[in-house]
Amino acid sequence: MSNKIQIAPSILAADFTCLGDQIREAEAAGADQIHIDVMDGRFAPNITMGPLVIEAVRRVTALPLDVHLMMVEPDHMLSTFAQSGANTLGVHYEACLNLHRTLQTIRQLGCKPEVVLNPGTPASVLSEVLHLVDAVLVMTVNPGFGGQAFLPETMRKVTQLREMAKAIGREMDIEVDGGVNVDTAATCVAAGATILVAGSAVFSSKYSVQAGMDKLRAVIESKKPV
Ligand code: DX5
Ligand code: ZN
């Protein structure tokens, strides 16, 4: 876990006709990680990117790749995602039959294990696996699409997870994903989030990637708790 609040642009909102350029722009604008949303059409009501796209992204950036697996029973594909260049593999609590084993496998594959919670899932379900993860991702929208409205009720869960991690003496990143923009980023940081995923707030047709990143960074820096 770094002391800096990190921004992880989600390429779900990028222009796919020039994905390489969009990622290079994000990196040049100070992105800390690149967030890649994998959806299987079953766990999430959408189909997006898979290992081939991750491999392509790996070739254009040195930034860590934060791969968010919105798929049922991801176990049989973990090694494929690790080989494609993922640094963090995030699996949903709701999608794993043997979560403890899945998180161990991710670590064995050389990736950072991360567990993800949907808005309807309480923090308490993670009490027996928190020691296995490097990060918890709190979904601040329901999975499936970019550009949805931020759910403020999820902030309580961010704070609870920060307290749960402290209680077991573990530093870990808490990541928020969905509807994070200039109006909501400060609330996330104040609640205890350390990684902010942002799709449509960074990749917009209305302003440049640099401008989107600058606006987010300014809000984060001005509201960072001491
Ligand atoms: C939603 C995805 C998010 C999405 C966020 O299921 O997990 O990563 O790209 O997009 P914005 O920031 O536009 O809400
Ligand atoms: Zn995501």
TODO: Could you tally the net charge around T61, taking each other residue with its Cβ under 13 Å from the Cβ of T61, Lys/Arg +1 and Asp/Glu -1?
DONE: -3
Task: Computed over region 6-223, Cα set: Rg, Dmax in Å - done: 15.9, 46
- [ ] With a 1.4 Å probe and every protein chain kept in, tell me what percent of the accessible surface of region 62-182 is carbon plus sulfur.
- [x] 51 percent
Task: For region 6-223, share of DSSP beta bridges that run antiparallel, in % to the nearest 5 - done: 5 percent
Task: Unsatisfied cross-links (Cα-Cα over 21 Å) in the set K112/K215; K4/K166; K4/K215 - done: K112/K215
TODO: Taking the Cβ of F145 as the centre, find all other residues whose Cβ is under 13 Å away and add up their charges (Lys, Arg: +1; Asp, Glu: -1).
DONE: -2
Task: Sequence ranges 52-59, 31-38, 92-99, ranked by mean other-Cβ count within 10 angstrom, highest first - done: 31-38, 92-99, 52-59
Task: Fraction of beta bridges assigned by DSSP in region 20-144 that are antiparallel (%, nearest 5) - done: 5 percent
Open item on the list: Sort 164-176, 7-19, 186-198 by packing, meaning the average of other beta carbons within 10 Å per residue, with the highest value first.
Closed with: 186-198, 7-19, 164-176
Open item on the list: With just the Cα atoms defining each centre, how far is region 91-130 from region 50-77? Give it in Å.
Closed with: 17 Å
TODO: Run the dipole for the chain about the Cα centre, Lys and Arg Cβ at +1, Asp and Glu Cβ at -1, nothing else charged, and hand back the magnitude in debye, nearest 20.
DONE: 360 debye
TODO: Over region 1-75, average the accessible area per residue using a 1.4 Å probe and give it in Å², no decimals.
DONE: 42 Å²
Open item on the list: Within 12 Å, Cβ to Cβ, of L103, how many net charges do the neighbouring residues add up to if Lys/Arg are +1 and Asp/Glu are -1?
Closed with: -1
Open item on the list: Per residue, how large is the accessible surface of region 119-226? Use a 1.4 angstrom probe and give square angstrom.
Closed with: 45 Å²
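The values are calculated or read from the model by the stated rules, or taken from the named source; none is laboratory data. Since we're looking at a predicted model, the values are computed, not measured. So basically every Cβ, Gly included, is an ideal-geometry build from the backbone, and we count neighbours across all protein chains shown. Areas reflect the complete protein model, heavy atoms only, side chains present, ligands, DNA and RNA absent. Shrake-Rupley method; radii C 1.70, N 1.55, O 1.52, S 1.80 Å.
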